[in-house]
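Below: the structure, in structure tokens.
Coordinate-derived values only; no laboratory data. A quick note: this is a predicted structure, and the numbers were derived from the prediction, not measured. Cβ placement follows ideal geometry from the backbone for every residue including glycine, while neighbour counts extend to all protein chains displayed.
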Amino acid sequence: MLTIYAIPHSLYCAKLRIALRHKQLEWKEELPPGGVGSDHFRSIIPSGNIPTLNDGGFILGDSEAIIEYLEEAHPDNSLMPENPRHRAKYREMSRFHDTRLEPVLRQFFPLVDPANRDQSQIGAATIAMNARLAQLDAMLSGFDHVTLRLFDCGYPITFIWLRAITDRLGGAVQWPENVVAYDRWLRSTHAVSEEIAHYMPHVEDWLASKLGASQ
């Protein structure tokens with residue numbers, strides 16, 4: 001059985017679980033031995049990446065690399081098409097999430113704590129996020145929504161965090177039409193809806209820990 005080293009609130013661990021659920025693979029999940037950043041965990045994987053896969057002693061970090069490995073090792077319920085150009089576009093969309101959209105989301109996290117809240121920073125993060133969502137809106141116009149794909153694994157949990165945080169911060173995030181329709185379709189898929197049910201308590205716990213009595 002596959003072993004995944006993961007932590008509860010990680011977006012990228014959730015991204016990997018969506019792929020695992022879609023491919024109907026069995027896995028067990030453990031906290032990183034010794035804790036994230038520990039010497040013990042880095043002796044297993046020098047990068048200290050979360051999530052990390054242990055497949056019978058084969059160790060691999062980074063959610064994207066793990067998903068692509070699982071796609072090749074377990075080709076059923078594929079997340080990738082045969083056409084090389086289509087495969088490249090799927091990777092482009094997935095990289096956009098990991099390197100463009102999600103890093104802007106991270107700007108909001110420290111602002112949830114009322115002690116760190118700064119309206120100018122909220123405004124700047126909102127402007128940056130609106131720009132990324134507008135880009136995503138244009139990119140999505142070339143895709144239909146039929147079955148889950150590689151790039152679909154990363155977006156749903158980012159959307160959940162974005163709504164949960166900005167609803168509390170009062171930011172004026174603009175959700176373009178294609179993005180709204182895409183989010184709705186993602187939630188309708190079995191793998192995503194199952195992961196959301198598993199993941200939402202961790203979102204609420206994290207928010208409660210930051211907001212406390214002010215929530």
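What to note about this one:
- Relative contact order %, the chain, counting alpha carbon pairs below 8 Å whose residues are six or more apart: 24 percent
- Computed [θ] at 222 nm, deg cm²/dmol, the chain (DSSP H ≥ 4; -39,500 (n - 2.57); rounded to nearest 500): -17000 deg cm²/dmol
- Positive-end residue of Phe151, Tyr90, Leu207, charge dipole of the range 84-214 with Cβ unit charges: Tyr90
- Looking at the range 39-106, the GluC sites (Glu not before Pro) that sit in a DSSP loop and have at most 15 other Cβ atoms within 10 Å of their own Cβ are Glu82.
- Cα-only Debye scattering, the range 124-215: base-10 log of I(q)/I(0) at q = 0.19, 0.20, 0.21 Å⁻¹: -0.98, -1.06, -1.13
- Above 25 Å, the calculated P(r) of the chain contains 42 percent of its Cα-Cα pairs.
- The relative contact order of the range 18-104 comes to 19 percent, based on Cα pairs under 8 Å that sit 6 or more residues apart.
- The C-alpha radius of gyration of the range 107-170, expressed as a fraction of 2.2 N^0.38 Å, stands at 1.33.
- With the alpha-carbon atoms of the range 158-199 aligned to their principal axes, the span from lowest to highest coordinate is 30, 23, 10 Å, starting with the largest.
- Ascending count of other beta-carbon atoms within 10 Å, so fewest first, for Thr189, Thr99: Thr99, Thr189
- Exposure proxy for Cys13, Cys153: other Cβ atoms within 10 Å of each Cβ, ordered fewest to most, give Cys13, Cys153.
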